[in-house]
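K.L.:
Following this message is one structure expressed as structure tokens.
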Amino acid sequence: MKLVSYKTEEKEHLGVFINGHIYNLHACNKAIPDNMNEFLQGGAGLMDRAMEINANIGSGSLEAKTEAFFELLAPVPHPSSCRDGYAFRQHVAAARRNRGLKMIPEYDAFPVFYFTNHQAIQGPGEIFCMPAHFEKLDFELELAIVLNKKGRNIPADQADSYVAGYMIMNDISARRLQMAEMKLNLGPAKGKDFATVIGPWLVTPDELAPYKVSPSVGHTGDCYNLEMLCWVNGMPVSRSNSAFMNWTFAEIIERCSYGVDMFPGDVIGSGTAGTGCFLELNGTGLLKDPDYRERWLEPGDRIEMEITGLGHLSNTVVRSME
């Protein structure tokens with residue numbers, strides 16, 4: 001099932017995306033809230049009702065009105081929190097190598113994450129960036145999940161049952177700001193707090209079952225063979241696969257939930273896939289060729305991301321003076 005959040009006449013709604021059309025879930029069953037946040041808080045009961053509607057519309061046994069005019073939003077427009085992980089060893093190792101650093105052994109000890117601005121979540125469309133953001137503006141190709149159960153101290157072997165679904169994530173980053181503040185050893189802040197993109201819809205785990213593979217040796221949790229692609233202005237720039245995640249989402253959830261409550265609506269990103277950002281690509285290019293010309297996002301650039309089974313996410317970066 002593909003769940004979507006969308007807007008008509010300035011009001012947000014919850015729907016399912018089936019064969020190129022959006023159907024409002026609340027219109028099909030009044031027991032289902034007309035927004036994603038309340039839906040996720042309803043847990044398995046509401047998910048089962050939505051699944052039934054999705055199946056009945058798909059089979060033709062339920063006639064429902066399609067939405068004709070709408071604005072597609074982030075699938076989870078108002079997450080209760082947003083964490084971002086560091087699950088792809090390939091990206092971490094390449095980024096450190098490009099800076100002349102050895103791979104840090106702590107990477108294999110536990111999955112690390114940081115909190116980003118959950119109020120700056122957005123979906124497809126324009127990304128408004130301030131002038132300082134364009135000083136080495138970057139995309140980051142990622143996979144993300146959202147939770148639909150509350151939990152605390154969740155063991156990895158049970159954590160996948162807390163996952164409502166999967167989405168594409170683009171962790172937009174202003175590298176000049178990030179590089180300056182990282183020298184203070186407190187983690188990223190202004191370099192990443194202005195825009196994080198998720199979308200285009202939330203795909204429930206059952207749809208990804210055909211792509212399931214074994215996780216990395218010694219790791220626990222669901223893992224999927226999903227090709228991850230990114231283009232900038234139509235030119236391919238990144239290719240990876242979610243099967244290359246060294247830390248699983250189950251293990252990240254276990255770490256996140258240690259001693260704290262996790263809530264329905266919490267979003268967790270995988271971290272950047274290998275080759276999944278200009279920072280890594282530029283570093284690798286310069287390592288091979290001192291005359292390599294760095295590339296960063298510029299006003300008007302169009303970023304397109306695609307992950308097997310999760311759809312196609314498109315954004316354009318726009319200069320804002322406000």
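K.L.:
How far is helix 43-59 tilted off the main Cα axis of the chain, in degrees rounded to 10, range 0 to 90?
P.N.:
Roughly 70 degrees, rounded to the nearest 10.
K.L.:
Would you please put 299-308, 55-64 in order of how densely packed they are, using the mean number of other Cβ atoms within 10 angstrom per residue and starting with the highest?
P.N.:
The most tightly packed comes first, giving 299-308, 55-64.
K.L.:
While we're on this one: Report ³J(HN,Hα) in whole Hz for each residue of region 20-35, in order, from the Karplus equation J = 6.51 cos²θ - 1.76 cosθ + 1.60 where θ = phi - 60°; Gly and Pro get x.
P.N.:
These are the phi-based 3J(HN,Hα) values: x, 10, 10, 10, 6, 5, 4, 5, 8, 8, 5, 6, 8, x, 9, 8 Hz.
K.L.:
So how tilted is helix 89-98 from the main axis of the chain? Cα-based, degrees 0 to 90, rounded to 10.
P.N.:
30
K.L.:
Right, another one. When ranked by the protection proxy of mean other Cβ atoms within 10 Å per residue, highest first, what sequence do the peptides 154-165, 38-49 form?
P.N.:
Output ranking for 154-165, 38-49: 154-165, 38-49.
K.L.:
Can you give me the distance in nm between label points at residue 319 and residue 26, each placed 7 Å from the Cα along the Cα-to-Cβ direction?
P.N.:
About 4.1 nm, to one decimal.
K.L.:
Given contacts defined as C-alpha pairs under 8 Å and at least six residues apart, what's the relative contact order of the chain, whole-number percent?
P.N.:
24
K.L.:
Right, something else. How high is the relative contact order of region 216-322, in percent, with contacts defined as C-alpha pairs under 8 Å that are six or more residues apart?
P.N.:
In percent, rounded to a whole number, it is 29.
K.L.:
Please give the charge dipole size of region 2-72, origin at the Cα centre, charges +1 on K and R Cβ atoms and -1 on D and E Cβ atoms. Round to the nearest 20 debye.
P.N.:
140
K.L.:
Near residue 196, within a Cβ-to-Cβ distance under 12 Å, what is the net charge of the other residues, with Lys and Arg +1 and Asp and Glu -1?
P.N.:
It works out to a net charge of -3.
K.L.:
Another question, if that's okay. Place the peptides 245-257, 274-286, 195-207 in order of packing, highest mean first, counting for every residue the other Cβ atoms within 10 Å and averaging per peptide.
P.N.:
Top of the packing list down: 245-257, 195-207, 274-286.
K.L.:
Determine one quarter of the surface area of the Cα convex hull of region 112-153, which equals its mean projected area, and express it in nm² to one decimal.
P.N.:
That works out to 5.1 nm².
K.L.:
Please give the charge dipole size of region 174-280, origin at the Cα centre, charges +1 on K and R Cβ atoms and -1 on D and E Cβ atoms. Round to the nearest 20 debye.
P.N.:
Using Cβ point charges on Lys, Arg, Asp and Glu, region 174-280 gives about 560 debye.
K.L.:
Whole-Hz Karplus ³J(HN,Hα) for region 284-300, in order, using 6.51 cos²θ - 1.76 cosθ + 1.60 and θ = phi - 60°, x for Gly and Pro?
P.N.:
With coefficients 6.51, -1.76 and 1.60, one gets 5, x, 5, 5, 7, 8, x, 8, 4, 8, 5, 10, 9, 5, 10, x, x Hz.
K.L.:
In percent, what relative contact order does region 2-72 have, based on Cα pairs under 8 Å that are 6 or more apart in sequence?
P.N.:
With pairs under 8 Å counted, the relative contact order is 33 percent.
K.L.:
Same structure, new question: Under 30 Å Cα to Cα from residue 183, which lysines show up? Leave out anything in the same chain fewer than 8 places away.
P.N.:
Cross-link targets: 102, 136, 192, 288.
K.L.:
In nanometres, what is the gap between the two model label sites at residue 302 and residue 78, each 7 Å from Cα along Cα-to-Cβ?
P.N.:
Spacing of the two 7 Å Cα→Cβ label points: 3.2 nm.
K.L.:
Return the sequence-ordered ³J(HN,Hα) values of region 154-160 in whole Hz as given by the Karplus equation 6.51 cos²θ - 1.76 cosθ + 1.60 applied to θ = phi - 60°, using x for Gly and Pro.
P.N.:
With the stated coefficients, region 154-160 comes to 7, x, 4, 6, 10, 5, 5 Hz.
K.L.:
Compute for the chain: radius of gyration divided by Kirkwood radius, i.e. Rg/Rh, restricted to C-alpha atoms, rounded to two decimals.
P.N.:
Ratio of gyration radius to Kirkwood radius for the chain: 0.96.
K.L.:
So what's the net charge close to residue 216: Lys and Arg +1, Asp and Glu -1, counting the other residues with Cβ under 13 Å from its Cβ?
P.N.:
-2
K.L.:
Can you give the translational diffusion coefficient of region 2-72 in µm²/s, computed by Stokes-Einstein from the Kirkwood radius over Cα pairs at 4 °C and 1.567 mPa s?
P.N.:
Translational diffusion coefficient: 107 µm²/s.
K.L.:
Sum up the charges of everything whose Cβ sits under 15 Å from the Cβ of residue 94, counting Lys and Arg as +1 and Asp and Glu as -1, but leave residue 94 out.
P.N.:
Once all neighbours under 15 Å are counted, the net charge is +4.
K.L.:
Using Cα positions and a limit of under 26 Å, work out the lysines in reach of residue 65, with same-chain residues fewer than 8 apart set aside.
P.N.:
2, 7, 11, 30
Here, each number is a calculation from the coordinates, and none is a lab measurement. Predicted, not measured: the structure shown is a model, and the values here were computed from it. Ideal geometry is used to build each Cβ from the backbone, glycine not excepted, and the neighbour counts take in all protein chains shown.
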